[in-house]
Amino acid sequence: MNMTAQVDNSVLVVQLRGELDHHAVEGIRDEIEEQLRQTDYRGLVMNFRDIDFMDSSALGLILGRYRSVSQHSGKMALCEVTASLRKIFELSGILKILPLFETEDMAIQFVKES
């Protein structure tokens, strides 16, 4: 799997790695949803530090998790995004609805305080 997850003070933190294409996204989506079901969470942080490639299905992954978390009154944040991914996020409009942080700790703190 192209992800690891941990819970930090009721915040599910997902570290993604490798390539986020339509093949990988399905399994990641299901795993995140399962982790959210099993966790009494306040929010979700997605870390993109180790992403080499991402296609449009990854944008769907992000927006779908945003919808899931929002429906449970949780908050979500993105972090550690490369310059090329940041450009994709800007063009897609994701940064209009989701905050982006330089570090995972900053993202977790934002989600916990919201």
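Observations on the structure shown:
- Long-range neighbours under 9 Å by Cβ, at least six apart or interchain, first residue touching a residue at least 60 places away in the same chain (Cβ under 8 Å) and more than 11 Å from A24 (Cβ to Cβ) within the range 40-63, second among the aromatic types (F, W, Y) and not in a strand (DSSP E or B): G43/F110; L44/Y66; V45/F110
- Taken over the range 95-108, the criterion of being in a helix (DSSP H, G or I) and crowded, with 17+ Cβ neighbours inside 10 Å is satisfied by E104, A107, I108.
- Test: residue in the range 40-49 that is touching a strand residue (DSSP E or B) at 6+ places or on another chain (Cβ under 8 Å), more than 16 Å from N2 (Cα to Cα) and of a type in the set (D, E): no
- Qualifying residue in the range 8-26 (condition: loosely packed, with under 13 Cβ neighbours inside 10 Å and touching a residue at least 40 places away in the same chain (Cβ under 8 Å)): yes
- No other residue among A83, A58 is out of contact with any Gly (no Cβ under 9 Å at 6 or more places or on another chain), among the hydrophobic types (A, V, I, L, M, F, W, C) and surrounded by fewer than 18 Cβ atoms within 10 Å (Cβ to Cβ) apart from A83.
- Residue check, S73 assigned to a loop (DSSP other than H, G, I, E, B) and small (G, A, S): yes
- A search for C-beta distances below 6 Å between a residue of the range 68-80 that is within 13 Å of F110 (Cβ to Cβ) and crowded, with 21+ Cβ neighbours inside 10 Å and any residue that is among the polar types (S, T, N, Q) and at pLDDT below 95, counting only pairs 6+ apart in sequence or on different chains, returns K75/S114.
The values are calculated or read from the model by the stated rules, or taken from the named source; none is laboratory data. Since the model is a prediction, treat every value here as computed from it, not as a measurement. Quick reminder, even Gly has a Cβ in these numbers, built from the backbone with ideal geometry, and neighbours come from all protein chains shown.
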